[in-house]
Amino acid sequence: MVANREQLQEILKKANQHARKQAKESGASIYYIKDNKRVREDANGNKFEIIYDATGKHMSSNIMNKQKPVMTVFAGTNGAGKSTLSMQMRTC
């Protein structure tokens, strides 16, 4: 049987999911490259960028989990309560 591209991608996806599940269950970290950064993800899902300084000393930085900015937009007709709602949200 010759698998086509889509079948091979599905096999790879399932293998990836299985490996991640096994690593998590055993408490092991997984390592991969994302956006040209070396990443270590621990069993709890915390992500660390793996960095080496100029002398080759290993350093890990938990900068991968920084909270991303959030923007909330209130849309509606005049008199719908957008201003009231946005003022109440600021006090939370």
- Query: Across the range 20-61, what is the total count of residues that are in a loop (DSSP other than H, G, I, E, B) and open to solvent by less than 80 Å² (accessible area, probe 1.4 Å)?
  - Reply: 9
- Item | Breaking point among (1) open to solvent by 100 Å² or more (accessible area, probe 1.4 Å); (2) part of a strand (DSSP E or B); (3) at pLDDT below 85, for Q67 | (2)
- Given the structure, is A80 at pLDDT 85 or above, in a loop (DSSP other than H, G, I, E, B) and open to solvent by less than 100 Å² (accessible area, probe 1.4 Å)? no
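The values are calculated or read from the model by the stated rules, or taken from the named source; none is laboratory data. As the structure is a prediction and not an experimental result, all values here were calculated from the model. Areas reflect the complete protein model, heavy atoms only, side chains present, ligands, DNA and RNA absent. Shrake-Rupley method; radii C 1.70, N 1.55, O 1.52, S 1.80 Å.
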